[in-house]
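Input: a single structure, listed below in structure tokens.
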Amino acid sequence: MTPGEVVISEEEIQRRVAELGQAITTDYAGRHPLLIGVLKGAFVFMADLARAIALPLEIDFMAVSSYGAATKTSGIVRIVKDLDADLTDRHVLIVEDIVDSGLTLSYLRKGLLARGPASLEVCSLLMKKGQQRVNLEIPYVGFEIPPDFVAGYGLDVAERYRNLRGIHLVDGVEES
Ligand code: IMP
């Protein structure tokens, strides 16, 4: 497995993250959003997005495991690290790296909604076109991409390539 061609460059990502930050700043004006990053994939995006939002905000992280070593989701999501923050009456924005089948996000949304937030929205850097198995409304999406396996900018293949600055195609990963 090697990182292949760049599908989204560092510059394109930075431009789009700035736009997302502006949109969120406008939409959440007068509120103090709580950004929840989904580890590990969202850690780089979270760092850039949080700094692109010109509002008082808080961040928290949770870690879920949906894949094991395989590259396709099982639909079974395990919470590996839960939040520190209390979500009651908070304006919560889930920050995700990528939505593929949407099963991870759908599970997370349900769980977090049960904790009584004032609002709950999602910002995902990437979304794989035509792959969603559940109906999801995602107000903030960075890029729609074809259903190929990608890595970089926080996303991994078997824990590698998270430190690449752009998003790369990964050769040799079979998507079933
Ligand atoms: P879903 O539940 O099928 O939407 O899968 C979402 C999760 O699978 C993401 O948060 C990623 O951790 C992982 N994932 C899906 N596609 C990719 C990819 O192309 N590269 C790296 N991770 C991926």
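The values are calculated or read from the model by the stated rules, or taken from the named source; none is laboratory data. None of the values given here were measured: they were computed from a predicted structure. Counting neighbours? That spans all protein chains shown, and the Cβs are built from the backbone with ideal geometry, glycine included. For the accessible areas, the whole protein counts, side chains as well, though only heavy atoms, and no ligand, DNA or RNA atoms are used. Shrake-Rupley method; radii C 1.70, N 1.55, O 1.52, S 1.80 Å.
Some points to look at:
- Under DSSP loop assignment and at most 16 Cβ neighbours within 10 Å, longest GluC sites (Glu not before Pro)-free interval of the chain: 1-136
- Calculated FRET value between ARG165 and LYS129, using beta carbons and R₀ = 25 Å, to 0.05: 0.60
- Candidates ASP100, ASP60, ASP86: whichever shows maximal mean-square fluctuation once the chain is modelled as a Gaussian network with Cα springs under 10 Å: ASP86
- Equivalent ellipsoid, the chain (semi-axes from 5 times Cα gyration tensor eigenvalues, Å): 25, 19, 14
- Between ALA23 and GLU5, the simple spin-label model (points 7 angstrom out along Cα→Cβ) gives 2.6 nm.
- Rounded to the nearest 500, the helix-only mean residue ellipticity at 222 nm of the chain stands at -7000 deg cm²/dmol, with each DSSP H run of n ≥ 4 adding -39,500 (n - 2.57).
- Label-to-label distance, nm, for residues given as LEU113 and VAL141 (7 Å Cα→Cβ offset): 1.9 nm
- The angle between the Cα long axis of helix 43-52 and the longest principal axis of the Cα atoms of the chain comes to about 50 degrees, rounded to the nearest 10.
- Just the protein heavy atoms count here, and of the accessible area of the chain at 1.4 Å, carbon and sulfur take up 50 percent.
- Between GLN14 and ASP82, the modelled label-to-label distance comes to 4.0 nm, taking each label 7 Å out from Cα in the direction of the beta carbon.
- Surrounding net charge for GLU5, when Lys and Arg each add one and Asp and Glu each subtract one, Cβ distance under 11 Å: -2
- The chain: most fluctuating residue of GLY142, GLY116, GLY154 per GNM, C-alpha cutoff 10 Å: GLY116
- Among LYS128, LYS110, LYS81, residue whose mean-square fluctuation peaks in a GNM of the chain (springs only between Cα atoms under 10 Å): LYS110
- In sequence order, the range 126-143 has phi-based couplings of 10, 9, 7, 4, x, 9, 6, 9, 9, 7, 10, 9, 10, x, 10, 10, x, 9 Hz under the Karplus curve 6.51 cos²θ - 1.76 cosθ + 1.60, θ = phi - 60°, and Gly or Pro positions carry x.
- Compared with the dominant Cα axis of the chain, that is its longest principal axis, helix 103-113 is turned about 10°.
- Shape index of the range 94-176: Rg/Rh, with Rg the Cα radius of gyration and Rh the Kirkwood radius from the inverse mean 1/r over Cα pairs, equals 1.00.
- Between GLY102 and ARG133, the built amide H atoms are under 5 Å apart, and every one of these is 5 or more places off in sequence or on another chain.
- Cut-off 15 Å between beta-carbons: net charge of the residues surrounding MET62, Lys and Arg +1, Asp and Glu -1: 0
- If only the Cβ of Lys and Arg carry +1 and only the Cβ of Asp and Glu carry -1, the dipole of the range 1-120 around its Cα centre is close to 420 debye.
- The long axis of helix 10-27 is offset from the longest Cα principal axis of the chain by roughly 20 degrees.
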